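The values are calculated or read from the model by the stated rules, or taken from the named source; none is laboratory data. Bear in mind that the values here come from a model prediction, so they are computed numbers and not experimental data. Heads up, the Cβs are rebuilt from the backbone with ideal geometry, glycines too, and the neighbour counts pull from every protein chain shown.
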């Protein structure tokens, strides 16, 4: 009667690579998760830093979605037919020159797509320079005998490509240095592109408080808004305390210290085109925030509360963070680290470490051409002053209040989002106490190290098992329990012949309940059983 569900049923999908004419096909089973496809593709393309990439698709509502690597593929892409994925760069690195050559080539191809689709906003001179580098990579050095007429017309640099721009591109290509290596051309292109304001920005169209159409995007720096191709606001990750959404409203809770070293908190909101688009923007912002700021993943998850009659949205981050990737690159590198040199000390003094720029043993990979923030770890109570006070007036200002500097990070990112933060803090605390058991703050003082270590580890395991209280999760079980208890009590009282319940059975309300509801219901059930 019922067909047995088989997990061996194979499903087919197509993956479009960064060049649209390159398409590969894969098969996956019912129990395969999203990381299965990405692993297969990364192995085929020889990608070491696969966490920078992702697979994107269109759902049945024509809304873009990133394939969640930690969930089943068949559940995410339900009713999507045909199943087509697009292999794209998901997290644009702050400094691509620390990555492998193969990954830099893929990033270059993604940026070429961004230029041709108009997503990578730049000036005319910058556009001509980038286009000349694309020509150099496609056709090589300029040769008057080979490159004749309008030879660049076969390449698409932008949606609106005119002859005057093509002539300037050809003149720029003609004046380039000959004999330049292909990898050097790609690195020069990446060096220019990564300093643009729209680098790594996927446009999400929203409306501000004046109902003006703008677009918002996220990258390694934070959240930015753009008007007519120019950045109007920028909210850095060090200033953002919490992100959530309600319906079509995307909300960012901000906190920064002003010139008087007082903490100011306010909230900005932007109205998206639909609820699905708002959820997509929220998830994209959360993923970028976790990827570029967390020192390690630790299975961090985010819970967005939602409204009274909704359970909200849960998101669990899967994969490595940028700091973990860069640490693995250093560990696998054959070159010894030189962290005691005068040049490195000079960089450390002028550019404080950020979540995307590690410190200590990782100081040689700091990004020396990008704006810096002054936060090196989530447990340090410090925030940056606002980068653009005038731009903040354009957003939805919902609330503003003052607070003491001592309470700056009482509701910080780790407390709001990542439960494993306490686990990491406790483990670091154990290591410090084991290394220095004679300190006054150490719980190992005058006791055995093993006993206290086990005590701390038990507390950590207990903390992991704790779940946040949700009223909706407790309401339905409690309601069912109360209904079942009342039904059993009424049945025992009305059917029992015991004298203990005579007083209750003679109560007028119980008499009405028996005559009007219980007796007809019992008769109805009896007739149904007889039939």
Give the residue that is surrounded by the fewest Cβ atoms within 10 Å (Cβ to Cβ), with candidates limited to residues of the stretch 73-88 that are under 19 Å from the mean Cα position of the chain (by Cα) and part of a helix (DSSP H, G or I).
76
So if I check each of 183, 195, which one is under 20 Å from residue 101 (Cβ atoms) and either surrounded by 15 or more Cβ atoms within 10 Å (Cβ to Cβ) or in contact (Cβ under 8 Å) with a residue 24 or more places away in the chain (or both)?
183
Please indicate, with yes or no, whether at least one residue in the stretch 215-225 is surrounded by 13 or more Cβ atoms within 10 Å (Cβ to Cβ), in contact with a helix residue (DSSP H, G or I) (Cβ under 6 Å, 6 or more places away or on another chain) and within 29 Å of residue 144 (Cα to Cα).
no
Since residue 284 meets every condition but one in (1) without any contact (Cβ under 8 Å) to a residue 24 or more places away in the chain; (2) under 14 Å from the mean Cα position of the chain (by Cα), which condition does it not meet?
(1)
Return yes or no: is residue 139 within 24 Å of residue 219 (Cα to Cα) and surrounded by 16 or more Cβ atoms within 10 Å (Cβ to Cβ)?
no
Please work out which one of (1) loosely packed, with under 13 Cβ neighbours inside 10 Å; (2) under 16 Å from residue 120 (Cβ atoms); (3) over 36 Å from the mean Cα position of the chain (by Cα) is the condition residue 146 fails and give its number.
(2)
Go through the residues of the stretch 128-141 one by one and say whether even a single one is part of a loop (DSSP other than H, G, I, E, B), at pLDDT 90 or above and under 27 Å from residue 54 (Cβ atoms).
no
Do the conditions hold for residue 319, that is, is it under 25 Å from residue 59 (Cβ atoms), modelled with pLDDT of 80 or more and in contact with a helix residue (DSSP H, G or I) (Cβ under 7 Å, 6 or more places away or on another chain)?
yes
For the stretch 60-71, check the following and say yes or no: at least one residue is surrounded by fewer than 16 Cβ atoms within 10 Å (Cβ to Cβ), at pLDDT 90 or above and assigned to a strand (DSSP E or B).
yes
Provide a single number: the residues in the stretch 47-58 that are outside any helix (DSSP H, G or I), surrounded by 15 or more Cβ atoms within 10 Å (Cβ to Cβ) and either within 19 Å of the chain's Cα centre (by Cα) or not assigned by TED's automatic domain parsing to the domain that holds residue 33 (or both).
6
Checking the structure you have, find out if any residue of the stretch 90-104 is in contact with a strand residue (DSSP E or B) (Cβ under 7 Å, 6 or more places away or on another chain), within 24 Å of residue 191 (Cβ to Cβ) and either free of Cβ contacts under 8 Å to residues at least 12 places away in the same chain or not in a helix (DSSP H, G or I) (or both).
yes
